[in-house]
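Engineer: The structure's right below; bear with me while I get my questions together.
The values are calculated or read from the model by the stated rules, or taken from the named source; none is laboratory data. All figures in this text were calculated on a predicted structure; none of them were measured in a lab. Please note: Cβ atoms are built from the backbone with ideal geometry, for glycine as well, and neighbour counts cover all protein chains shown. Remember, those area values only see protein heavy atoms, side chains included, never the ligands or the DNA or RNA. Shrake-Rupley method; radii C 1.70, N 1.55, O 1.52, S 1.80 Å.
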Amino acid sequence: MDCLIIDDEEMSRNIVKHFVEQTDALNLVGVCSNAIEAGNILSKGKVDLIFLDVEMPEMSGYDLIQSLSTSPEIILITAKKDHAAEAFDYDVTDYLVKPITYPRFLKAINKALKKNKEAFGNNDLKDLYVRSDAKIVKINLADVLYIEALADYIMIITSTGKHIVHSTMKGFQSRLPEEKFARVHRSYIVNLDKIETIENLNVVIQKKYIPIGAFYKESFMKRLNML
């Protein structure tokens with residue numbers, strides 16, 4: 001999920017930012033010190049999840065929620081427990097009281113992920129639209145062979161060609177159906193249906209040898225239906 005942090009307290013922003021970076025399901029798109037600054041980011045593109053401080057100068061977290069034209073998941077953050085009842089009047093996903101711990105943060109994230117999957121049916125996803133070469137291109141996920149990291153970009157290799165997209169691997173992986181794609185290396189995601197053989201810790205897809213990283217080896221091998 002692409003997420004945005006909005007909090008006027010620097011220490012709180014840094015704690016949430018650290019937790020986001022430790023969570024594979026999240027991709028951080030921005031960190032803002034006020035709601036007005038965040039509004040400029042939100043006007044430029046879709047965000048799936050917002051970590052939002054309640055009490056901020058000029059424009060409160062509640063004011064920002066009321067101004068939104070889209071409906072991202074909202075996790076409110078505040079130092080005061082007495083905001084809880086009002087918070088849920090705004091249909092927020094969860095409510096975190098400072099100081100935030102990672103276990104409590106993770107519980108809130110799991111709620112957001114569950115709601116996101118229920119809303120968008122990620123497991124049934126068949127097509128994906130990406131911005132490539134100044135165009136928006138429709139990609140059939142069944143045609144994807146593998147994805148390769150290229151610095152601040154990724155390269156999506158399909159059976160008919162390739163597309164270079166401005167994205168992180170973590171952010172792109174979060175949009176793929178988990179049962180069809182697997183991260184095998186810090187620089188590679190593969191379509192499990194396209195694997196032909198595995199040779200000397202390399203996945204082979206249409207003569208392309210893709211290395212299996214030590215960090216990903218155990219989880220990847222467990223996913224294979226081996227005799």
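Engineer: State whether one or more residues within the range 205-216 are in contact (Cβ under 8 Å) with a residue 40 or more places away in the chain, open to solvent by 40 Å² or more (accessible area, probe 1.4 Å) and out of contact with any Cys (no Cβ under 6 Å at 6 or more places or on another chain). I'd like the intermediate steps shown before the answer.
Structural biologist: Within the range 205-216, the first condition is being in contact (Cβ under 8 Å) with a residue 40 or more places away in the chain, and the residues that meet it are 205-206, 208, 210.
So of that shortlist, the ones also open to solvent by 40 Å² or more (accessible area, probe 1.4 Å) come out as 206, 208.
Now drop any that are not out of contact with any Cys (no Cβ under 6 Å at 6 or more places or on another chain), which leaves 206, 208.
Yes.
Engineer: Checking I164 against (1) under 16 Å from the mean Cα position of the chain (by Cα); (2) surrounded by fewer than 16 Cβ atoms within 10 Å (Cβ to Cβ): exactly one of these is not met. Which one?
Structural biologist: Here I164 clears every test but (1).
Engineer: Which residues, counting only those in the range 25-67, are of a type in the set (D, E) and out of contact with any Ser or Thr (no Cβ under 8 Å at 6 or more places or on another chain)?
Structural biologist: In the first step, residues of the range 25-67 are kept if they are of a type in the set (D, E); the result is 37, 48, 53, 55, 58, 63.
If the condition is that a residue be of a type in the set (D, E) and out of contact with any Ser or Thr (no Cβ under 8 Å at 6 or more places or on another chain), then E37, D48, E58, D63 are the ones that fit.
Engineer: Still on this model: In the range 126-155, how many residues are free of Cβ contacts under 8 Å to residues at least 12 places away in the same chain, open to solvent by 60 Å² or more (accessible area, probe 1.4 Å) and closer than 18 Å to R183 by Cβ?
Structural biologist: Result for the range 126-155: 1.
Engineer: Right, here's the next one. Would it be correct to say that I100 is at pLDDT 90 or above and either assigned to a loop (DSSP other than H, G, I, E, B) or among the polar types (S, T, N, Q) (or both)?
Structural biologist: Yes.
Engineer: Which members of the range 138-160 meet the condition of being at pLDDT below 85 and of a type in the set (A, V, I, L, M, F, W, C)?
Structural biologist: Listed by number, the list holds a single entry, A151.
Engineer: Could you go through the range 208-216 and let me know if any residue there is part of a loop (DSSP other than H, G, I, E, B), of a type outside the set (D, E) and in contact with a Pro (Cβ under 8 Å, 6 or more places away or on another chain).
Structural biologist: Of the range 208-216, the ones part of a loop (DSSP other than H, G, I, E, B) are 212-213.
Then drop every residue that is not of a type outside the set (D, E), which leaves 212-213.
Within this subset, residues satisfying the condition of being in contact with a Pro (Cβ under 8 Å, 6 or more places away or on another chain) are none.
Taking every residue of the range 208-216 in turn, none turns out to be part of a loop (DSSP other than H, G, I, E, B), of a type outside the set (D, E) and in contact with a Pro (Cβ under 8 Å, 6 or more places away or on another chain).
Engineer: Go through the range 167-202 and count every residue that is assigned to a loop (DSSP other than H, G, I, E, B) and either exposed (fewer than 15 other Cβ atoms within 10 Å of the Cβ) or not basic (K, R) (or both). Steps first, please.
Structural biologist: Initially, the range 167-202 is screened for residues assigned to a loop (DSSP other than H, G, I, E, B), giving 167-168, 174-180, 186-187, 195-196, 199-201.
Now drop any that are not either exposed (fewer than 15 other Cβ atoms within 10 Å of the Cβ) or not basic (K, R) (or both), which leaves 167-168, 174, 176-179, 186-187, 195-196, 199-201.
So the count comes out to 14.
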